[in-house]
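Data block below; observations after.
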Amino acid sequence: MIKLPLSNIKTGMKLARDVILDDGRILLLSGFVIKPRYKRKLEMFNIPYIYINKTKSKLEKIYPDESIYSSAIKTIKNIFNEVRDGYELDIDLVRETVNNLLGQISQNNTLIQLTGISDIKSYTYVHSVDVCIYSLNTAIALNYNRKDLVNLGIAAILHDIGKSKIPIEIMEKPGVLSENEFNIMKLHTIYGYEILTKTDGLKNSIANVAWQHHEKINGKGYPLGLKNSLIPDFAKIVSISDVFDALSSDKIYKKKMLPHKVKEVLLENVSKQFDPYFTKVFIENIILYPKNLYVQLDNGYIGVIIKENKKDPAKPILRINSNDNVSQIIDLSKNTDLNIIDILS
């Protein structure tokens, strides 16, 4: 076992010790092989070093979904930076990225398992890709045709493109925005609409999502204060995906909410902020605790999800190792005193 600084960590290395945060939460477990998303997680929490096995681990295969996901994030980051620097938006590259994501979701919906890991500087780009994945997942359930799926995917992945025109010091502020800063941030909806309406080959339905994804069906959203029937379907779907991902993601000033708690927030705001029908479809088709997800229970044990519970998503079936290293299967729905308190990976 050797101790390595974060700068020397490579994909394929195997953890020899658990990575534990200052507040006692377990970030990564001993035995995990470092993947790109795990490295991003270590960087996000400013982990200075980790312990790895001395013997070199066999490089773990990076599955197609992870490669497509990472590539999409890099593409969107480059798109944002180019737009910020005054270049035209490369819509062909965006369309190719959406088609790659859509193809992977249609084949194997494991992309959702990769969502939600970002740091303050990459949050906007990861969030854009996550919102695209959630929106496409919902639209597939709604039986949208291929053309509409691609257009919705483009709208979702570019819904925050207007943030490329927001000052960096506001975008990367490691804390809650002041009222004035928030008012500036809200302008991203208008900037996004302007950018997309000036981009050749894009329909107004795509630009409208950048403009209207913060509208609420009770008319109390922004920038236009539109009510239910005046908000287009694409914007309604992206709005739900946007809030779900934002609440499910760690931020410097706010810890992520557990997925079943985010579901409760969505349901509490049905008919106020979110369209009831699209919210129902979104919730019915999102896997809150997917298979192979590592979670921490309130008794201190670490478990890995082996089966979701459709009737009570907060209480899946999982496998744990007790202190005497004996593996056992636990159905949380039959153990009401046990609860998930954190997601590890």
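The values are calculated or read from the model by the stated rules, or taken from the named source; none is laboratory data. All values reported here derive from a predicted model rather than from experimental measurement. Note that each Cβ is placed from the backbone with ideal geometry, even for glycine, and that neighbours are counted across all protein chains shown. Surface areas here come from the heavy atoms of the whole protein model, side chains and all, with no ligands, DNA or RNA. Shrake-Rupley method; radii C 1.70, N 1.55, O 1.52, S 1.80 Å.
Before moving on, here are some points about what is shown:
- Using the alpha-carbon positions of the chain, Rg (one decimal) and Dmax (whole number) come out as 20.5, 63 Å.
- Distance between the C-alpha centres of region 258-295 and region 135-173: 18 Å, rounded to the whole angstrom.
- The chymotrypsin sites (Phe, Trp or Tyr not before Pro) of region 263-345 that DSSP puts in a loop, and whose beta carbon has at most 16 other beta carbons within 10 Å, are Y301.
- 5 angstrom amide H check on D250, placed H, neighbours 5+ away: S118, K256
- Using θ = phi - 60° in the Karplus curve 6.51 cos²θ - 1.76 cosθ + 1.60, the 3J(HN,Hα) couplings for region 197-210 round to 6, 8, 8, 5, x, 10, 7, 4, 4, 6, 4, 5, 5, 4 Hz; x is entered for Gly and Pro.
- Per-residue extension of 0.36 nm, minus the Cα-Cα distance of K14 and E96, leaves a gain of 26.1 nm for this segment.
- Ranking G192, I170, S205 by how far each Cα lies toward the positive end of the dipole of region 153-206 (charges on Cβ) leaves S205 at the top.
- Relative contact order for region 91-236, counting Cα pairs under 8 Å that sit 6 or more residues apart, in percent: 18 percent
- Residues in region 162-177 carry Karplus couplings, in order, of x, 5, 5, 9, 8, x, 4, 5, 7, 4, 9, 4, x, x, 5, 6 Hz; the curve used is 6.51 cos²θ - 1.76 cosθ + 1.60 with θ = phi - 60°, and Gly or Pro positions show x.
- Listed peptides 4-10, 243-249 by packing density, highest first (mean Cβ within 10 Å): 243-249, 4-10
- For peptides 140-153, 211-224, sequence by mean Cβ density within 10 Å, most packed first: 211-224, 140-153
- Mean accessible surface per residue for region 219-345, computed with a 1.4 Å probe while every protein chain stays in place, in Å²: 50 Å²
- Amide H to amide H distances under 5 Å link M13 with I34, where only residues 5 or more positions off or on other chains count and H is placed in the peptide plane.
- Taking the chain and dividing mean pair separation by its residue count, relative contact order in percent (alpha carbons under 8 Å, at least six apart): 12 percent
- Per-residue 3J(HN,Hα) values for region 138-153, derived from phi via the Karplus relation 6.51 cos²θ - 1.76 cosθ + 1.60 with θ = phi - 60°, read 5, 5, 4, 5, 7, 6, 5, 6, 4, 4, 5, 4, 5, 5, 5, x Hz in sequence order (x marks Gly and Pro).
- The dipole here belongs to the chain: it is taken about the Cα centre, uses +1 on the Cβ of Lys and Arg and -1 on the Cβ of Asp and Glu, and is about 780 debye.
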